[in-house]
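The values are calculated or read from the model by the stated rules, or taken from the named source; none is laboratory data. Since the structure is predicted, the reported quantities are computational estimates derived from the model, not experimental observations. Using ideal geometry, Cβ is built from the backbone for each residue, glycine included, and neighbour counts are taken over all protein chains shown.
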Amino acid sequence: MNNSSNSLVTKHCKPCEGGVSPLSAEEITKMIQQLEGWDLFDRLIGKVYTFTNYYQTMAFVNAVAWVSHREDHHPDMIVSYNKCRVEYTTHSVGGLSENDFICAAKVDAQFKI
């Protein structure tokens, strides 16, 4: 990860409907390098966060919900006792958009608090 992720944290998601194309493979490669621990799977990015207990896991889930609400861009989450997998894709473009990377950076920022 480099300091560029800080610039992602300061950005806000933009509407993607109406002819917006998904990011190219080159753009995705540049964007994912700005994130720590996120994996690329075809048309989505994902990361597993680990916690000490269920309470911490649920607090994190609620923080992700808050970020999602503010940015109007929502991930899929798989929640277990001490883990949460967060996955982003932009369904309206059929792939990844800058919004996915912005929200991933914001989720990472919440995890570090």
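Filter segment 32-48 down to residues that are closer than 16 Å to Ala109 by Cα, touching a Leu at 6+ places or on another chain (Cβ under 9 Å) and not polar (S, T, N, Q), then give me how many there are.
Count: 4.
Report, by residue number, each residue of segment 57-113 that is of a type in the set (D, E, K, R) and over 24 Å from Val20 (Cα atoms).
Lys83, Arg85, Asp108, Lys112 - these are the residues of segment 57-113 that are of a type in the set (D, E, K, R) and over 24 Å from Val20 (Cα atoms).
If you go through segment 40-90, how many residues are among the acidic types (Asp, Glu) and either without any contact (Cβ under 8 Å) to a residue 40 or more places away in the chain or more than 29 Å from Thr29 (Cβ to Cβ) (or both)?
Qualifying residue count for the region: 2.
Is it the case that some residue within segment 42-54 is at negative phi, polar (S, T, N, Q) and at pLDDT below 95?
Here is the first cut: in segment 42-54, the ones at negative phi are 43-54.
This time we only want the ones that are polar (S, T, N, Q), so: 50, 52-53.
Those still in the list that are at pLDDT below 95 too: none.
No, segment 42-54 has no match at all.
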